[in-house]
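Taking it in order: structure first as structure tokens, then the write-up.
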Amino acid sequence: MEALSGECLCGAITYECTESALMAGHCQCTDCQKISGAGHASNIAVPKGSLNISGQLSFHEKVADSGNTVKRGFCPDCGCHIYAENSGMQQFEFIRAGSLHNLELYSPGMVVYARSGASWDHTDPSLPHFETMPEM
């Protein structure tokens, strides 16, 4: 299988993942709506420590509705989000699917925080939809 790799919009940040994805999905929480500029963010969970990132990321941390702190890494030059960490799921890093070189490697398996979904944000109705974050 092709390794997950990607870059930011300007190419200053690149990454390659040494492990396979553990899960993937769309998040419709209001924070993900704001950072994506859309109805949801599409994320891929990979094992913590499996991302080899080249370039200097900037970070923003925020306490989410869940009470967990989410740390988001983005390119300081173009603003493109690359990945996130969540204090409640310390075993994962979350790659932003839009930063992948090959978008076809992303295969969503769920929609989380569906209660915040906008009426116009149509995700695949065959995916499991969770009102908030399901137990992991």
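Bear in mind these aren't lab numbers, they're just calculated from the coordinates by the rules spelled out. Since we're looking at a predicted model, the values are computed, not measured. We place every Cβ from the backbone using ideal geometry, glycine too, and count neighbours over all the protein chains shown.
Each Lys and Arg contributes +1 and each Asp and Glu -1, all at the Cβ; summed about the Cα centre of the chain, the dipole is approximately 280 debye. The modelled label-to-label distance between MET23 and LEU9, using points 7 Å beyond Cα along the C-beta direction, is 3.0 nm. Highest mobility in the GNM of the chain, judged by mean-square fluctuation with C-alpha springs under 10 Å and restricted to SER119, SER58, SER66, is found for SER119.
Here region 5-116 carries DSSP beta bridges of which approximately 95% are antiparallel, counting only pairs with both residues inside. Using a 10 Å Cβ count of at most 14 others and DSSP loop calls, identify the longest part of the chain lacking such GluC sites (Glu not before Pro). Of all site-free stretches, the longest is 20-130. When the Debye formula is applied to the Cα atoms of region 5-116, each taken as the same point scatterer, what base-10 log of I(q)/I(0) results at q = 0.22 Å⁻¹? For the requested q values the scattering log ratios are -1.38.
Please give the FRET efficiency for CYS78 paired with SER119, using the beta carbon to beta carbon distance and R0 = 22 Å, rounded to the nearest 0.05.
The pair CYS78/SER119 has a calculated efficiency of 0.10.
In the elastic network of the chain, a GNM with C-alpha springs shorter than 10 Å, the most mobile of SER50, SER126, SER87 is SER126. Let a ≥ b ≥ c be the square roots of the eigenvalues of the Cα gyration tensor of region 62-132; is it rounded (a/c under 1.5), or, if not, prolate (a/b larger than b/c) or oblate? Cα axes put region 62-132 in the oblate bin.
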